[in-house]
């Protein structure tokens, strides 16, 4: 079974809105065992939407999302009717639903609200419990065309309740995502070429992701248990080959892995940041459960604050500078002493675009890791071509989190 996704909305074409619906639908189609052949974005134009539908009729399924609102530019219903050669009619059950929904919301009911009660002849309603626009499907020739509202909070429940059970095929797809940091795509591909080139099922794909690389291992089988059993040996082999570069399986990002480790070990983290300006702390506290494992953070851009708050000596700052192994060590020890944490990480560097020297170019960053056993320091130079200030700061935050992750993994 194959499918095509058509996302409707001029705001998508102009880049004003991110097309998250297509991502969700593509992932869910894959999980249902349906092959997604193409995705199309079309503006709010009846003729263009109808043409996109006609051109997709070689598929078994078409999923259309967006354009079911009450205003004049919401023309998806009209376009579906045009593509099918059908007329629109006002469905009385839908009309009452629209009226009840708008009245319950306490907003004025206007005549154009009832545009949402229009359906192409032969359409079957899929009840929308989270909005006024009903979803529906219509068979055009041998293709089932599902039409979904644009708001994700409405689209997702409709897909999962009505569409997924209908389209789920004879096979199931299972995937595992291995997240890596500290290895680039080219080096990774060289290490695991057999898995990316020679395997078909399970298959292994390499994807660049923010602050690292992701390996997706995918298996398709008749049953969930069979697919899982196909994945296990491949995932185990990849983890053995890649070792400490793998920071987690099926985690969203490196801070997710760090929070998981801190939680498991019952430990707390404190951070002292200079060039990253609070990014490490932010990324930790963005994770649910962070309050149990994050003690405190200090952003110390000035040498004065490094000295007064973190206890970095004036002699260290004068002799070695703010961006140095010595300063990173004293920052880490200082925040550990200041807090009630079990482990502390510090970062100090040159994010640019100015401030670099031949000895310490832009992108030079020092890190410190401190615990009850002492302090260790690490240096990294972010020298990627075209690396800007934001990239250097984000990468440095990821590097620091990875140091915490490695330290916790060795304890």
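When Kirkwood radius over Cα pairs in Å is computed from the coordinates, the matching label among [x] 21.3; [y] 22.6; [z] 24.9 is [z]. In the chain, the longest principal axis of the Cα atoms and the axis of helix 20-31 are about 80 degrees apart.
Over segment 254-410, what is the relative contact order in percent, taking alpha-carbon pairs closer than 8 angstrom and at least six residues apart? Working shown, then result.
Numbers: 308 pairs, mean separation 39.6, N = 157.
Relative CO of segment 254-410 lands at 25 percent.
Label point 7 Å out from residue 48 along Cα-to-Cβ: which residues of segment 1-26 have amide N under 15 Å? Residues 6-17 qualify, since their backbone N sits under 15 Å from the label point.
Relative to the longest principal axis of the Cα atoms of the chain, the long axis of helix 46-55 lies at roughly 90 degrees.
For a protection proxy built on the mean count of beta-carbon atoms within 10 angstrom, sort 239-246, 7-14 highest first, please.
Values: 239-246: 14.4, 7-14: 18.9.
Going by the mean number of other Cβ atoms within 10 Å, highest first, we get 7-14, 239-246.
Summary value for the chain: 10 percent relative contact order, contacts being C-alpha pairs under 8 angstrom separated by 6+ residues.
The order of the peptides 67-80, 280-293 by mean Cβ neighbours within 10 Å, most packed first, is 67-80, 280-293.
Pairs of Cα atoms under 8 Å, at least six residues apart: use those to get the relative contact order of segment 2-167, whole percent. Contact order relative to length: 23 percent. Once you reduce segment 259-337 and segment 119-191 to the center of their Cα atoms, the two points are 43 Å from each other.
Computed from Cα positions, the angle between helix 224-242 and the longest principal axis of the chain comes to roughly 30 degrees.
Which order, highest average first, do 402-408, 17-23, 39-45 follow once you tally other Cβ atoms within 10 Å for each residue and take the mean per peptide? Walk me through the numbers on the way to the answer.
On the way: 402-408: 20.3, 17-23: 16.1, 39-45: 18.3.
Listed from highest to lowest mean packing, they are 402-408, 39-45, 17-23.
What percent antiparallel are the DSSP beta bridges of the chain, to the nearest 5? Percent antiparallel among DSSP bridges in the chain is about 60. With 15 Å as the cut-off, how large is the P(r) tail for segment 169-239, expressed as percent of Cα-Cα pairs? The proportion of pairs with Cα distances above 15 Å equals 52 percent. Here the extension length gained between residue 14 and residue 186 equals 58.6 nm, from 0.36 nm per residue of separation less the Cα-Cα distance.
Every read-out reported here was derived from the displayed coordinates using simple, explicitly stated rules and does not represent laboratory data. Not measured: the values here are computed from a predicted model. Ideal geometry is used to build each Cβ from the backbone, glycine not excepted, and the neighbour counts take in all protein chains shown.
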